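The values are calculated or read from the model by the stated rules, or taken from the named source; none is laboratory data. Since the model is a prediction, treat every value here as computed from it, not as a measurement. Every residue, glycine as well, gets a Cβ built from its backbone with ideal geometry; the counts of neighbours run over all protein chains shown.
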Amino acid sequence: MEAAELWEIAWRSLWVAGVATLLAALPAVPLGLWLALRGGGGAWGRMLLYAGMALPPVVVGLFLYLLLSRSGPLGFLGLLYTPYAMVLAEAILAFPLIAAFVLSGARARVEEVRLLVRSLGGTEAQVFPTLFWESRRTLAAALAAGFGGAISEVGAATLVGGDIRHHTRVLTTAIVVETRKGELEAALALGMVLMGIALLVTGLLVILERE
Amino acid sequence: MRPVLWAKGLFHRHGTFRLEVEDLKVYPGEILAVLGPSGSGKTTLLRLLAGLFQPERGRVEGGRAAYLPQAPPLLRRSVLENAAFGLRLQGVAKREAWERARRLLARVGLAEKARQPAHLLSGGEAVRLALARTLLVETEVLLLDEPTASLDPANVAQVEALLAEAALEGRAVILATHDLFQAKRLAKRVVFLYLGQVVEEGEAKAFFQNPKDPRTQAFLQGRLLP
């Protein structure tokens, strides 16, 4: 594999996982905070969320495949075998991870934040933005978990992306291909790049966490 | 004089604990000490007056109140941002809130630490910061739950001076404390709570010199109550 192709695949992996993480975070962060403000969402709500963390990527990929395939209800969108389908799949997998992390972190702070805001004459509506800002360290950890889950995912990405060279091939699917071909050196190089990206992004999030 | 805060027929239940306060008035510019052994309901009363707890019966009428909890939480922000937080909640512009916070931080000896993260403060400094934050909020009533419990004598004197000043400015201060000397020094009136009931209430001088109820007498003499 040429260096140019390797960087193309690496960039696509970063783009797909990054956009998927942000897409998942948009509803997951408010949901996690909202559940924390409402006593944690109850045992069933938490169980459902935590079960979502264990969603098998291949099953998610299969459902998405059925939705996006030409005969599926969303087939008219023409998203199957595009990076956008991979973004969708990875966002679905990152969503419960991010929401659960935010819920867990915010739950630990919600009572004292509420007490503080209300004791100074603030309203219940002012608790939410304060809790959001006070949970920002958890947010960094949640995003790191979501991104880690998304970039390391292979099953759903293969099913809905198709591992098409120069189009939907990402680091994880490329590693599988190269290993099958017996190109272990190339597979190892791809693995190192994947590890490097994961470390770089989580390192940036740790810096953000430290403010 | 019209009371600035008036609790009427309050009844609150929390597990097996019950608090009943038939009639409690607080007037502008006075410091009211709330005394009582641990578990007598001082914190519950203050939280009811602050509107943090909803009573099962009765109501609290009057002006806006700010409450300082016994273990005041600090935000993961700078000392200055913590001090200005209440004002920001009230919609005061950032520049003005910070300016007023800076002035009060200087009064409580924290001016030089304004920029540092609040979590680096010592216990005593954290309490002074929380007190400054509470004092800055524009309210007619201050509800303070043992604000000097963890402070050294110099800091206690500083805090007491601020409370006396707040009262002189016309704010009503309701102070829950275990420090009888502090209550003697500061309070105009005293309420003594025992097992969720107001056992005795009156002018501070008469309360300390001539307590009427045997439970108050026992408490003031440092005897354990059943």
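You will find that of B:LEU75, B:LEU105, the residue that is farther than 30 Å from B:LEU225 by Cβ and in a loop (DSSP other than H, G, I, E, B) is B:LEU75 and no other. Scanning region B:1-56 for residues that are among the aliphatic types (A, V, I, L, M), surrounded by fewer than 21 Cβ atoms within 10 Å (Cβ to Cβ) and over 22 Å from B:GLU203 (Cα atoms) returns a single hit, B:LEU52. Checked against the criterion of being under 21 Å from the mean Cα position of the chain (by Cα), under 13 Å from A:ALA156 (Cβ atoms) and surrounded by fewer than 24 Cβ atoms within 10 Å (Cβ to Cβ), region A:36-48 has no qualifying residue. The residues in region B:61-83 that are surrounded by fewer than 18 Cβ atoms within 10 Å (Cβ to Cβ) and β-branched (Val, Ile, Thr) can be counted, and the count is 0.
Taking region B:136-184 as the range and being crowded, with 18+ Cβ neighbours inside 10 Å, charged (D, E, K, R) and assigned to a helix (DSSP H, G or I) as the test, only B:GLU160 passes.
So that you can scan it fast, the table gives a plain yes or no per residue for (1) surrounded by 19 or more Cβ atoms within 10 Å (Cβ to Cβ); (2) at positive phi; (3) out of contact with any helix residue (DSSP H, G or I) (no Cβ under 8 Å at 6 or more places or on another chain); (4) at pLDDT 95 or above:
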position	(1), (2), (3), (4)
A:LEU139	yes, no, no, no
A:GLU153	yes, no, no, no
A:ALA156	yes, no, no, no
A:LEU159	yes, no, no, no
A:GLU178	yes, no, no, no
A:ALA189	no, no, no, no
A:LEU199	no, no, yes, no
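Mind telling me which of the residues A:SER135, A:SER119 ends up being of a type in the set (Gly, Ala, Ser), at the interface with chain B (Cβ under 10 Å from one of its Cβ atoms) and in contact with a Pro (Cβ under 8 Å, 6 or more places away or on another chain)? Answer to the check: A:SER119. Quick check on A:LEU97: is it more than 23 Å from A:TRP11 (Cβ to Cβ), at the interface with another protein chain (Cβ under 9 Å from one of its Cβ atoms) and not acidic (Asp, Glu)? For A:LEU97, the condition - more than 23 Å from A:TRP11 (Cβ to Cβ), at the interface with another protein chain (Cβ under 9 Å from one of its Cβ atoms) and not acidic (Asp, Glu) - is not met. Considering each residue of region A:38-53 in turn, none proves to be under 30 Å from A:ARG109 (Cα atoms), at pLDDT 95 or above and either in contact with a strand residue (DSSP E or B) (Cβ under 7 Å, 6 or more places away or on another chain) or part of a helix (DSSP H, G or I) (or both).
Cβ-Cβ contacts under 8 Å between residues 6 or more apart (or on different chains), taken from a first residue in region A:111-124 that is without any contact (Cβ under 8 Å) to a residue 24 or more places away in the chain to a second residue that is surrounded by fewer than 19 Cβ atoms within 10 Å (Cβ to Cβ) and β-branched (Val, Ile, Thr), are listed as A:VAL117/A:THR123.
If you check B:ALA114, B:ALA97, B:ALA33 for being more than 13 Å from chain A (Cβ to nearest Cβ), out of contact with any Cys (no Cβ under 7 Å at 6 or more places or on another chain) and farther than 30 Å from B:PHE192 by Cβ, only one passes: B:ALA114. Residues in region B:72-92 that are over 18 Å from B:ARG103 (Cα atoms), among the hydrophobic types (A, V, I, L, M, F, W, C) and more than 18 Å from the chain's Cα centre (by Cα) were compared, and the one that is nearest to the other protein chains (Cβ to nearest Cβ) is B:LEU89.
Scanning region B:117-126 for residues that are in a helix (DSSP H, G or I) and away from every other protein chain (no Cβ under 14 Å) yields B:GLY123, B:GLY124, B:GLU125. The criterion of at least 3 residues that are aromatic (Phe, Trp, Tyr) and closer than 30 Å to B:TYR67 by Cα is met, among helices (runs of 4 or more DSSP H) falling completely within region A:60-163, by A:124-134.
Of all residue pairs spaced 6 or more apart or on separate chains, those with beta-carbon atoms under 8 Å, a first member in region B:124-143 that is closer than 18 Å to B:LEU49 by Cβ and a second member that is small (Gly, Ala, Ser) and assigned to a helix (DSSP H, G or I) are B:THR134/A:SER119; B:THR134/B:GLY86; B:LEU135/B:ALA166; B:VAL137/B:GLY86; B:LEU142/B:ALA166; B:LEU143/B:ALA50. Checking region A:58-73 against the condition returns a match, with at least one residue being crowded, with 23+ Cβ neighbours inside 10 Å, among the aliphatic types (A, V, I, L, M) and modelled with pLDDT of 95 or more. If only residues of region A:164-187 that are in contact (Cβ under 8 Å) with a residue 12 or more places away in the chain, among the polar types (S, T, N, Q) and assigned to a helix (DSSP H, G or I) are counted, the one that is farthest from A:ALA25 (Cα to Cα) is A:THR173.
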